Structures are given as C-alpha cells and as structure tokens.
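This report concerns only the one structure given below.
The values are calculated or read from the model by the stated rules, or taken from the named source; none is laboratory data. Just so you know, these numbers come straight off a predicted model, no measurement behind them. Note: ideal-geometry Cβ built from the backbone for every residue, glycine included; neighbour counts use all protein chains shown. We work out accessible area using only protein heavy atoms, side chains counted, and drop any ligands, DNA or RNA first. Shrake-Rupley method; radii C 1.70, N 1.55, O 1.52, S 1.80 Å.
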Amino acid sequence: MLKVNEIFETIQGEGVFTGVPSVFLRLQGCPVGCAWCDTKHTWEVNLDQQTSLESIRDKRTESDSWCQVPTGTIVEECQQRYTAKHVVITGGEPCIYDLREITARFEKSGFTCQIETSGTFDVVTSDRTWVTVSPKLDMKGGLDIKAQAMSRANEIKYPVGTQKDIDNLEALLQEFDVRQDVIVGLQPISQRRRATELCIESCIKNNWRLSVQTHKYLQIA
Ligand code: SF4
C-alpha cells in the first residue's frame, strides 16, 4: 500500500529523461523541510485528508489530500489510463517507503521506473529502477545525506545558484562513493543568467551535464 497525493501523465521536464512521456506518481509525506519546496502540501500525512482514488484521479489543483492504494491497483490504473511507459515516483520524499514491490510490478508490466529522491533515506527499489538523487543538505528536518542513496544514484541532480553550491557538490562527491558512470547534472536555479553561466562553465570543466528545467520554460506541469 502506498499513500498517493497525485497521479498524472505529462512529459519529464528535466534530467536524463527530459522529453520522455511519463506518469508521475506523487507520494504523500516528507520530513526533509526544504525552505523553497514547491510541494509543501505533500509534507504531512493528515488522517482527515485521506480520500478515495477517484478523488485523487480527478484532482485538478494541489492539495494535501491523499489516498491509500495497493501497489497492484496503481499499476493497473497506469496501464488502463495512460499511454506513457515511464513512471516517475516522486513526492514528497518517495524513499520514506519501501518501493521494491511497486517498482518490480511496474517493470513486470512493461514500464521503466525512475525515483526522484533527496538522498536522505536509503533507496529501496528494484535493481533496474533509475535513481535520481537531488541531495538536500542542511534542511530544517535535520536529516543527513545517506551513503547508500549516493552510491545507488544513477543520476545526481544539483540546483546551482552560486559558486558555493558547486563547492558543496564537489565536497559531496569527495565524501561519498558514487557509481563510476553516475551522471551529474547541474540545474540553474530559477533560470537565472549568472547561475546558468556558472553551470555551463562547471559542466564543461567537469564533464557534467546541464539539466534545464524545460517544463518551466514551456509552462507545463
Ligand atoms: S525533499 Fe522534496 S518534497 Fe521534501 S521538502 Fe525538499 S523539495 Fe519538498
């Protein structure tokens, strides 16, 4: 069973899978506490906000309502309602849940899976799941980055506003073991010009990638 805040189909706007039609499965609950979080409505699991799958399916605006759904039902829902064959499990912080069953079920049904996580919990998924870690350091929730999450990452996506962010990322890459083939993507914060220039310089210097948030330019969800 998972607590689902939202489920919808769109185009993945950032990172390695940019442009890929995807079903986004947004799970409820996150203790990380990022000040700039744009999904604060997913933080708390309020029992009085529990609702039905039908209401979640029809959701048109952000809210803290959620439904508890068996993993098999989620997969059937995606098979019946959507054409995308890539599923992005996000939050909230999806890694507060054991995601082995849902990712294995999706894969068995012909989907590929991607997890977007803050790196503050162990990542418990199928082996084939693509793991995108966007490490959240020194947030209000007081959680540390987990070595297991960093070593499991296929992709590390890091928002950059100033040189300090690049320094923090370099320190993280020194501190933790990461896969040799990990893809590091820098994301200019709020598409600011100086941040973009800094990202491009650092990408060229380190052979990293620029992760442009295309959905923000296109103004899609
Ligand atoms: S980890 Fe994600 S959902 Fe949680 S507070 Fe940070 S940005 Fe928001």
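Of all residues in the range 122-134, those that are open to solvent by 50 Å² or more (accessible area, probe 1.4 Å) and more than 12 Å from the chain's Cα centre (by Cα) total 3. Return the residue satisfying two criteria in turn: it lies in the range 1-55 and is acidic (Asp, Glu) and over 14 Å from the mean Cα position of the chain (by Cα), and of such residues it is nearest to Pro188 (Cα to Cα). Looking at the filtered set, the residue picked out is Glu9. Of all residues in the range 65-77, exactly one satisfies the criterion of being surrounded by fewer than 16 Cβ atoms within 10 Å (Cβ to Cβ) and part of a loop (DSSP other than H, G, I, E, B), namely Pro70. Of everything in the range 87-102 that's over 12 Å from Thr71 (Cα atoms) and either open to solvent by 40 Å² or more (accessible area, probe 1.4 Å) or of a type in the set (A, V, I, L, M, F, W, C) (or both), which residue is farthest from the chain's Cα centre (by Cα)? Here the answer is Ile96. Going through the range 103-121 one residue at a time, which ones are assigned to a strand (DSSP E or B) and open to solvent by less than 10 Å² (accessible area, probe 1.4 Å)? Scanning the range 103-121 gives Cys113, Gln114, Ile115, Thr117. Residue count for the range 1-46 under the criterion of being more than 14 Å from the ligand (Cβ to nearest atom) and either farther than 26 Å from Arg100 by Cβ or assigned to a loop (DSSP other than H, G, I, E, B) (or both): the result is 11.
Which of the residues that make up the range 135-157 are within 11 Å of the ligand (Cβ to nearest atom) and in contact (Cβ under 8 Å) with a residue 40 or more places away in the chain? Lys136, Met139, Lys140, Gly141, Leu143 - these are the residues of the range 135-157 that are within 11 Å of the ligand (Cβ to nearest atom) and in contact (Cβ under 8 Å) with a residue 40 or more places away in the chain. Looking only at residues of the range 207-220 that are in a loop (DSSP other than H, G, I, E, B), out of contact with any helix residue (DSSP H, G or I) (no Cβ under 7 Å at 6 or more places or on another chain) and hydrophobic (A, V, I, L, M, F, W, C), we find that the one that is modelled with the highest pLDDT is Val212. Go through the residues of the range 158-180 one by one and say whether even a single one is touching a residue at least 24 places away in the same chain (Cβ under 8 Å), of a type in the set (A, V, I, L, M, F, W, C), open to solvent by less than 30 Å² (accessible area, probe 1.4 Å) and within 15 Å of Trp130 (Cβ to Cβ). No.
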